[in-house]
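Only the coordinates and a few stated rules stand behind these numbers; no lab work does. Please read all numbers here as calculations on a predicted model, not as lab measurements. Reconstructed Cβ throughout: ideal geometry from the backbone, glycine too, with neighbour counts over all protein chains shown.
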Amino acid sequence: MLSLLRESREDELWQLCCGFLDLNIQQFMDIQNRLLREQLQLLARSRLGRRLFGASVPVTVEEFRSSVPFTTYADYCPELLERREDTLPVKPLLWQHTSGRTGEYAYKWVPITAEASRRVARTLLAVAILSACRERSHITRLSESPRMVYAVAPRPYTSGTMVYLLNEAFPLRCMPPLAQAEAMAFEDRIRDGFRMALREGLDGFGGLTLALVAVGEQMLARTKTVSLTALLSQPAALARLAGGRLKSIIAGRPFLPQDVWPIKGIVGGGTDSAVLRERVKTLWGRYPLDTYSCTEGFLIATQTWDFQGMTFIPDLNYIEFIPEDESARSLADRTYSPRSVTLDGVKAGSVYEMVLTNFHGGPLTRYRLGDMVRILSLGNDNLKITVPQMTFERRADDLIDLAGFVRLTEKTIWQSIENDGIPYEDWTARKAIGTTTRLELFLELKKGAATSIPELEDRLYTEMMRLDERVNAASIYHTLVAMVGGTPLKVTLLPAGAFAAYTRRQRERGADLAHLKPPHINPSSETLTSLLNGTAVVRT
């Protein structure tokens, strides 16, 4: 891939990495079905595969979908937990993990084969190209050894594993250097990476969108306090900082990171991406390219240069979709086996639970991710993409159901808070105990921010209802709330520093990286007690 860039063979590089954007739905499904048949042969030769298949080993795609049951991570224990490579379809190149389930297992370990890693690296380069390009086949902004601050969780976490795989195929200039960064605490990596970027420049950035905002605001705060005279011994840093300050003065706005670094591309991801994209654009000067990825399935879909819906990737996983009503029924009745459709059977506007089968010798088979995605359209006419476009909707169980008429997701609540414009640190929400109609929102404001809670409750409730797509159901809910009386939304202000203190306590207890922050949706009573820390907040 690097040789194609060096030899100015941009069209070939684009076709190699981004050619999947030219597929029609039949071509997409042909790739899916061919790779699934190859995967079935690998699974049939492994102990794990034979255990999953039972007495009947499927040969065709139809047999596979009709006879092989859906699975969860528990179906791969203890093999994956104990990393028993002799049971797998193909010996892995390496292992990665994500967080597990409290009280069951600390991590969910998932292997990556050599062939899968090669294709993941190619797709990661495609994502980098798409984050920087302006149109189809435009990759002139991609540079050799691009400079990036290492702002992801290190290996064996998935984000760190992906950086490692991309670096192996297309060398990066990580700041701090990769081997050093993986051994450092997150705060130290950001601090040292920022110092290096000030001297050496910065081409791109990647990580969870929330992290991009936090890092951008940290950098903003630090650049404001850097003395220009203190940088006399570092002429490159001095020139970059002075030039940035001049840019902001000419533009007549506050000094921002985008003034210091003309970023070529930003890659984001996570539930927060759609909510925080405008803040990323303000700080960094570019929208983050949203991707849908996970430990179990690597890269599943990515946005393109219009930063709208995401296009599915055909050659890493066989993709199935459980319709929302079928998913809900199976969650309520664990004995029920829901029906599924493939990408050529989805409907625009519908929500589905994702199901993956790894290709290239991976172990996960008809694996229920627990993620709900929305199919936005059956293609992107403006970009001439003719396969369905998606966006991440929510976790299957991350839903607050109010009286059966209003179903609030993390994205809806978060977007309402963002739209209100009140300065906040973080939040968490749940349905009030003992009632079916009231939402409780626990909110920590930024230092110095103040508000009238009744007015805030009014504004946020109005905005949440505006964002709820089920207008008729919401109107019934309004009537029900009026009948039973009381406030449909109760906001409790948390003490200053509540989330930071929670994270500190979790770190001191040795909690896994993914459990350092409380969930936004349906926190436990123990978590809320920890956040409140025994301090009563007076409602004004």
Cross-link reach from K91 to lysines, straight Cα distance under 24 Å and at least 8 residues apart if same chain, gives K108
Dipole check, the chain, charges on Cβ (K,R +1; D,E -1), about Cα centroid: among A214, L16, A432 the Cα furthest to the positive pole belongs to A214
Plugging the Cβ-Cβ distance of I31 and E144 into 1/(1 + (r/R0)^6) at R0 = 22 Å yields, to the nearest 0.05, a FRET efficiency of 0.15
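How much FRET efficiency would the formula 1/(1 + (r/R0)^6) give for A179 and A501, where r is the Cβ-Cβ distance and R0 is 30 Å, rounded to 0.05? List each step's numbers first, then the result.
On the way: r = 33 Å, r/R0 = 1.10.
After rounding to 0.05, the efficiency reads 0.35.
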Answer in debye to the nearest 20: the dipole magnitude of the chain about its Cα centre, from +1 Lys/Arg and -1 Asp/Glu charges placed on Cβ, is 1100 debye
Quick shape check on the range 115-180: root eigenvalues a ≥ b ≥ c of the Cα gyration tensor, a/c under 1.5 is rounded, otherwise prolate if a/b tops b/c, else oblate, and it reads oblate
Between E393 and residues 5 or more places away or on another chain, the pairs with built amide H atoms under 5 Å apart involve M372, V373, R374
Rounded to the nearest Å, the spacing of the alpha-carbon centers of the range 122-179 and the range 307-325 is 23 Å
Packing-ranked peptide list from 199-207, 73-81, highest mean Cβ count within 10 angstrom first, is 199-207, 73-81
With 0.36 nm assigned to each residue of separation and the Cα-Cα distance removed, E7 to A251 gains 84.0 nm
The answer for Y107, listing residues at least 5 apart or on another chain whose modeled amide H is closer than 5 Å to its amide H, is G100
Here the Cα Rg-to-2.2 N^0.38 Å ratio for the chain is 1.01
Taking placed amide H atoms and a strict 5 Å upper bound, the residues 5 or more places from L489 or on another chain that come that close are L439
proj_area_mean for the range 143-263 (convex hull on C-alpha atoms), units nm², value 7.7 nm²
Applied in sequence order to the range 28-38, the curve 6.51 cos²θ - 1.76 cosθ + 1.60 (Karplus, θ = phi - 60°) yields integer Hz couplings, x standing for Gly and Pro, of 4, 5, 4, 5, 4, 5, 5, 5, 5, 4, 5
Relative contact order as a percentage, the chain, C-alpha pairs under 8 Å and 6+ apart, gives 12 percent
In this structure, among K446/K517; K431/K490; K411/K490; K281/K517; K247/K446; K247/K281, pairs with alpha-carbon gaps over 21 Å are K281/K517; K247/K446
Zone reached by a paramagnetic label modelled 7 Å from S350 Cα along Cα→Cβ, restricted to the range 24-63 with backbone N below 18 Å, covers 25-26, 29
Calc'd 3J(HN,Hα), the range 289-300, phi into Karplus 6.51 cos²θ - 1.76 cosθ + 1.60 (θ = phi - 60°), Hz, glycine/Pro = x, comes to 6, 7, 10, 10, 9, 7, 4, 6, x, 6, 9, 10
Burial-style ranking of 161-168, 334-341, 49-56, 414-421, average other-beta-carbon count within 10 Å with highest first, yields 161-168, 414-421, 49-56, 334-341
